Amino acid sequence: MVAGMHATMGDRIDALCRRQCAFALYCLPGESQPVFCMAADGRTEDSPCSGNAFLVATFDGESLFIPSELSVPPAPEIWAGMQKNPADEATSRAKYSALFQLYTGFIRSGEVRKMVLARTSDIPVADDFSLYRTFCAASQQNPNAFKALVHTPQHGTWLFCTPEQLLTGCGEHWQTMALAGTRIPNTLPWDAKNRREQALVTEFIRDVLSPLADELEESPLENLRAGRIEHLCTRFKWKMPADRVLSLLEELPPTPAVCGSPVVAARRLLQRHPDIDRSCYAGYLGPWGHGSIQFYVALRCMQVFPGFCRLYAGGGLMPDSDEEQEWQETENKMACMLQAIEGGYYH
């Protein structure tokens, strides 16, 4: 893309982020050309559209659809003003420590086998910060992830760069993955804690798919690189009539990878003792239309406010989890967005 076209696209996208209308700019894994999605009047809808759309679902399961009526962002208009500041503060080290003790206490008592503890961190940005350039930087740095810059009046402005597939496919052919366990890439074997954590996710997905899937195939365990870290991954492929998709989406998210295990018990504890306002974090998102779905778990993300970006990350706690190691894991996961922010300025 030539410099002039790049600037024009950037101006339009950055302008849309300051208007109270919904849009999505996304790039599928392995592809270099981003796709723009917006209704002509900037609206969202609560139910699936008859045509193509972009779905955003929160961690709590609230869904909205951005109809795909415009494939090019409109020219900038009068800006309606950026969203207000968040009601809560970013997660302090002391709050994280207290929640770590609380959540691991639930595990030791036998109420759950795993809990996912999430936190936030605020990063100041200058006046020449460009969300469009940040999206482009994230896309270049993470070619095999799903990237999306999304704004809705309901949830504000978010940037995602997620490696985790929730549900993709079309017709009768479908795929998902069990992704858990995190470490800096090395040649040593994975430790028992990370292997058990990934096994819980694999078991859950297998149990959810079995009643709905035909010819279910499960791949051997593999390492999946995501930026500066890697995860354990098991891939699933199966056949299924498209009319079973909605039933599957009622059962599949959130998986133990972002919630805990057993899911029902872990989710109940998160509701009683929340770590953060998760909003779109650990929900799912992606394009939907004409029998084709490309949904990804909403990870490696940040929310944008006037003057700063709020980064989100979490980690799975097991009986033998170490607090300092878990904190550092969230730092490593946030590095994805930090690196993208560095590329988000006009130079």
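The values are calculated or read from the model by the stated rules, or taken from the named source; none is laboratory data. These numbers were taken from a predicted model, which means no experiment stands behind them. When we count neighbours, we look across all protein chains shown, and the Cβ atoms used for this are built from the backbone with ideal geometry, even at glycine.
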field: strands (runs of 3 or more DSSP E) wholly inside segment 199-277 containing at least 1 residues that are surrounded by fewer than 22 Cβ atoms within 10 Å (Cβ to Cβ) and at positive phi
entry: 214-218
query: From the residues in segment 321-347 that are at pLDDT 95 or above and not in a helix (DSSP H, G or I), which one is surrounded by the most Cβ atoms within 10 Å (Cβ to Cβ)?
result: S321
query: Do we have any residue at all in segment 156-163 that's closer than 30 Å to V208 by Cα, within 17 Å of the chain's Cα centre (by Cα) and among the β-branched types (V, I, T)?
result: yes
Scan of segment 84-133 for residues that are crowded, with 18+ Cβ neighbours inside 10 Å and at pLDDT below 95, ordered by number: V125, F129, S130, L131, Y132, R133
message: Looking only at segment 49-69, filter to residues that are free of Cβ contacts under 8 Å to residues at least 40 places away in the same chain and outside any loop (DSSP other than H, G, I, E, B); which one of those is nearest to M38 (Cα to Cα)?
response: P67
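Can you report the number of residues in segment 173-190 which are in a loop (DSSP other than H, G, I, E, B) and either modelled with pLDDT of 95 or more or under 30 Å from S139 (Cβ atoms) (or both)?
Looking only at segment 173-190, we keep the residues that are in a loop (DSSP other than H, G, I, E, B), and these are 184-190.
Imposing the further condition that a residue be either modelled with pLDDT of 95 or more or under 30 Å from S139 (Cβ atoms) (or both) reduces the set to 184-187, 190.
Counting residues in segment 173-190 that are in a loop (DSSP other than H, G, I, E, B) and either modelled with pLDDT of 95 or more or under 30 Å from S139 (Cβ atoms) (or both) gives 5.
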- line: From the option list T104, T91, T134, single residue qualifying as more than 17 Å from the chain's Cα centre (by Cα), in a helix (DSSP H, G or I) and either under 26 Å from L179 (Cα atoms) or not aliphatic (A, V, I, L, M) (or both) is T104
field: Per-region count, segment 296-320, residues more than 14 Å from the chain's Cα centre (by Cα) and part of a loop (DSSP other than H, G, I, E, B)
entry: 5
